[in-house]
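What follows is a set of notes on a single structure, which appears directly below.
The values are calculated or read from the model by the stated rules, or taken from the named source; none is laboratory data. Just so you know, these numbers come straight off a predicted model, no measurement behind them. Cβ atoms come from the backbone with ideal geometry, glycine included; neighbour counts cover every protein chain shown. When the accessible area is computed, the model is the full protein with side chains, heavy atoms only, and any ligands, DNA or RNA have been set aside. Shrake-Rupley method; radii C 1.70, N 1.55, O 1.52, S 1.80 Å.
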Amino acid sequence: MADERPRLLIVEDDAGLQRQLRWAYEDYEVIVAGDRAAAIEALRAHEPAVVTLDLGLPPDPDGVSEGFATLDAILALKPDTKVIVASGHGARESALRAIASGAYDFYQKPVDIDELGLIVGRAFHLHGIERENARLAGAAPPDATVLGGMITAAPEMLKVARTIERVANADVSVMLLGASGTGKELLARGLHQSSRRRTGAFVAINCAAIPENLLEAELFGYEKGAFTGAVKTTEGKIEQAEGGTLFLDEIGDVPLHLQVKLLRFLQERVIERIGGRRPIPVDTRIVSATHQNLEAMIAEARFREDLYYRLAEIVVRIPTLAERTGDAPLLAKHFAARFAKAMNPQVRGLAPDALAAIDSWGWPGNVRELENRLKRAVIMADGKLVTAADLDLGSPDEPEPLNLRTAREQTDRKVIRHALARTEGNISGAAKLLGISRPTLYDLLKQHDLQA
């Protein structure tokens, strides 16, 4: 039976240290090489995810030239390899050069097995997350579109799309909960298009954008002469969506007196226009959305509990863009191509520093903020590639590291955030993914000022 443990390549010419490291890493399939040629042969044969590399290799055991030549060769052959460099020769200069050359981390001899083991473990977890992201991106179409146009390759968002597809034909009321700019209307349209009602109309209304005194007329319509200016009978949005889907965005902004009327429609499936006396049966599916905490509003008597349960037969929570692993660069490329075609044809894509800035930014305004930022950047770009300067993001959430300690802390924060995103904030699941205990994860969250 093949060894299914993660593969770790140890490049070390000291036979005693080889045996010590092999014994210490019993959780991994350990391959040992004593020089550059053996290391490259092992890399080709076993394709290890992580390599620990001693810079003092023969024929230059007292220097670092052969070690750096080996580092360059490893990364040239397999760029995704996480190489952890160890040396006792000119530690500071070697550390700076190793990181600049693409090493994952640096450790100064003499080796502390436990501390080096933690670095190795982090490297394996980061490699696994990156590999999963690459697999998802490769398995998806070029634009990674799902559910009628939603662009994503993030497992967090793919789970949402699958949920919506499953409930599309159930003809139940669905409530979408998520921050502003997360794509709730796009998901509502996808639900409609995936349902048996797709041949009917999809009608959307933003309840927060319409003055309270006009919202009732917009929803329920009015009879001719019902009020000053009512020169003809007009159908409301509910009637316009007959046989289709009505999307009520920002449902939390509906005033209480209208909540009563909306509840009656959901219970009896009939409406009365303003000024009318005749009940009108309407077959309309309701999909609602809000960024507000409706449970808190219910406790404060600002939202009816019975209406909530009528609207929220199925509740779908939409992750923020920051929680959608790998989606920010994917969406940025899509927006850049779209806006370049319409507004600045010379733009051909995004520069590496722009992609790095996009990946590190927190995107508090979510997809809407990203879309607006890319539109401006494409318009302002002078060259063929949009740069970080064109994006004008200011200081990113994670500035460039000043030293090795801060670089390592940033890597820890990134890996922990990825793990939490993949497990939807579940501490036990994230700890298992990271290979640590729950108390250790809690300590790391506190240490790095992160929230689950």
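Descriptive notes on the structure:
- No other residue among 413, 408 is at negative phi, touching a strand residue (DSSP E or B) at 6+ places or on another chain (Cβ under 7 Å) and at pLDDT below 85 apart from 408.
- Tally of residues being in contact with a helix residue (DSSP H, G or I) (Cβ under 7 Å, 6 or more places away or on another chain) and polar (S, T, N, Q) across region 53-97: 3
- Scanning region 48-60 turns up no residue that is within 20 Å of residue 410 (Cα to Cα), part of a loop (DSSP other than H, G, I, E, B) and open to solvent by 20 Å² or more (accessible area, probe 1.4 Å).
- Region 81-128, residues that are farther than 20 Å from residue 432 by Cα, assigned to a helix (DSSP H, G or I) and charged (D, E, K, R): 92, 93, 97
- Top-ranked residue in region 231-242 [being at pLDDT 90 or above and open to solvent by 30 Å² or more (accessible area, probe 1.4 Å); ranked as farthest from the chain's Cα centre (by Cα)]: 232
- Of the listed requirements (1) touching a residue at least 24 places away in the same chain (Cβ under 8 Å); (2) open to solvent by 40 Å² or more (accessible area, probe 1.4 Å); (3) charged (D, E, K, R); (4) closer than 19 Å to residue 115 by Cα, residue 12 misses just one: (2).
- Residue match in region 289-301 (condition: among the hydrophobic types (A, V, I, L, M, F, W, C), crowded, with 20+ Cβ neighbours inside 10 Å and in a loop (DSSP other than H, G, I, E, B)): no
- Among the residues listed as 203, 231, the single one being β-branched (Val, Ile, Thr) and under 27 Å from residue 161 (Cα atoms): 203
- Test for residue 261: is it over 36 Å from the mean Cα position of the chain (by Cα) and open to solvent by 40 Å² or more (accessible area, probe 1.4 Å): yes
- Residues of region 71-81 that are farther than 16 Å from residue 31 by Cα and open to solvent by less than 10 Å² (accessible area, probe 1.4 Å): 71 alone.
- Taking (1) at pLDDT 70 or above; (2) part of a loop (DSSP other than H, G, I, E, B); (3) farther than 14 Å from residue 358 by Cα; (4) touching a Lys or Arg at 6+ places or on another chain (Cβ under 9 Å) in turn, residue 393 satisfies each apart from (3).
- The residues of region 330-350 that are open to solvent by less than 80 Å² (accessible area, probe 1.4 Å) and under 21 Å from residue 414 (Cβ atoms), listed by number, are 330, 331, 332, 350.
- Qualifying residue in region 305-317 (condition: of a type outside the set (D, E, K, R), under 19 Å from residue 186 (Cβ atoms) and either open to solvent by less than 20 Å² (accessible area, probe 1.4 Å) or without any contact (Cβ under 8 Å) to a residue 60 or more places away in the chain (or both)): yes
- Among the residues of region 362-385, those identified as of a type outside the set (A, V, I, L, M) and outside any helix (DSSP H, G or I) are 362, 363, 364, 365, 382, 383, 384.
- Residue list for region 361-381, restricted to those being within 19 Å of the chain's Cα centre (by Cα) and open to solvent by less than 30 Å² (accessible area, probe 1.4 Å): 362, 363, 365, 366, 367, 370, 374
- Residue in region 265-274 that is farther than 20 Å from residue 308 by Cα and of a type outside the set (D, E, K, R) present: yes
- Restricting attention to region 336-351 and to residues that are in a helix (DSSP H, G or I) and touching a strand residue (DSSP E or B) at 6+ places or on another chain (Cβ under 9 Å), the residue that is nearest to residue 373 (Cα to Cα) turns out to be 336.
- Within region 293-338, tally of residues that are polar (S, T, N, Q) and closer than 19 Å to residue 357 by Cβ: 2
- In region 187-230, the qualifying residues are those that are among the basic types (Lys, Arg) and buried (at least 17 other Cβ atoms within 10 Å of the Cβ), and the one that is nearest to residue 252 (Cα to Cα) is 189.
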